[in-house]
């Protein structure tokens, strides 16, 4: 992560939007993140969908990465590949234990590369939303999109140990704070009360950046 010379500028490469939705009769919130990368759609698609390349910027993945197949990210979510239109879009379920949400990625050619649009739709948990707002999900995706950018810029794999430690560094704190503030403003634009959204962003920052006490088991 030493290549991140200006963490606030990197956080600013992502545009953020929150939408209120509904799925299967349940109210949902949709976190939308957009970032452009200086590569063509085929290369970006490969980085996002090739099981041998995904761990170079995100996490090791196993399973069948085709429509109807199940995937599992090491230590994280798994799910089902629901739709796939290479090199334009794919949609998967995002399952963490009993919690199911939905992830869709779209790629569009841009003037100087390719724009990635990530949409993560989840049922609304009022208590969690009040405490953390969209940043609990959004900041995690910001970190992933940052790792993707570093990989695409250098061709190298991201050091996973450094990636885990990054949010607890001064640069990481600046990045997370900027990203969480961006998600709070997106929630306010969708109708959230600023007096609740901005403190929730601070709670998110603390969640991502607090160094575990020595001897604490993860």
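Since every read-out is calculated from the coordinates, none of them should be taken as a lab result. Since the model is a prediction, treat every value here as computed from it, not as a measurement. Here Cβ is always computed from backbone atoms with ideal geometry, including for glycine, and neighbour counts include all displayed protein chains.
Quick rundown of the values:
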| quantity | calculated |
| --- | --- |
| Ranked packing of 40-46, 107-113, most packed first, by mean Cβ within 10 Å | 40-46, 107-113 |
| For q = 0.17, 0.18, 0.23 Å⁻¹, Debye-computed log10 I/I(0) when each Cα of the range 1-69 counts as one equal scatterer | -1.00, -1.06, -1.12 |
| For the range 7-113, convex hull volume per residue from C-alpha positions, Å³ | 134 |
| Per-peptide average of other Cβ atoms within 10 Å, ordering 203-209, 81-87 highest first | 203-209, 81-87 |
| Whole-Å distance, taken between Cα centres, linking the range 175-196 and the range 37-89 | 29 |
| D_trans [Stokes-Einstein, Kirkwood Rh over alpha-carbon pairs] for the range 99-218, 4 °C, 1.567 mPa s, µm² s⁻¹ | 82 |
| Share of alpha-carbon pairs per 10 Å distance bin for the range 7-209, given as whole % | 9, 35, 40, 16, 1 |
| Mean Cα-pair separation over length for the chain, i.e. relative contact order, pairs under 8 Å, 6 or more apart, % | 23 |
| Most to least packed among 127-138, 166-177 [average Cβ atoms within 10 Å] | 127-138, 166-177 |
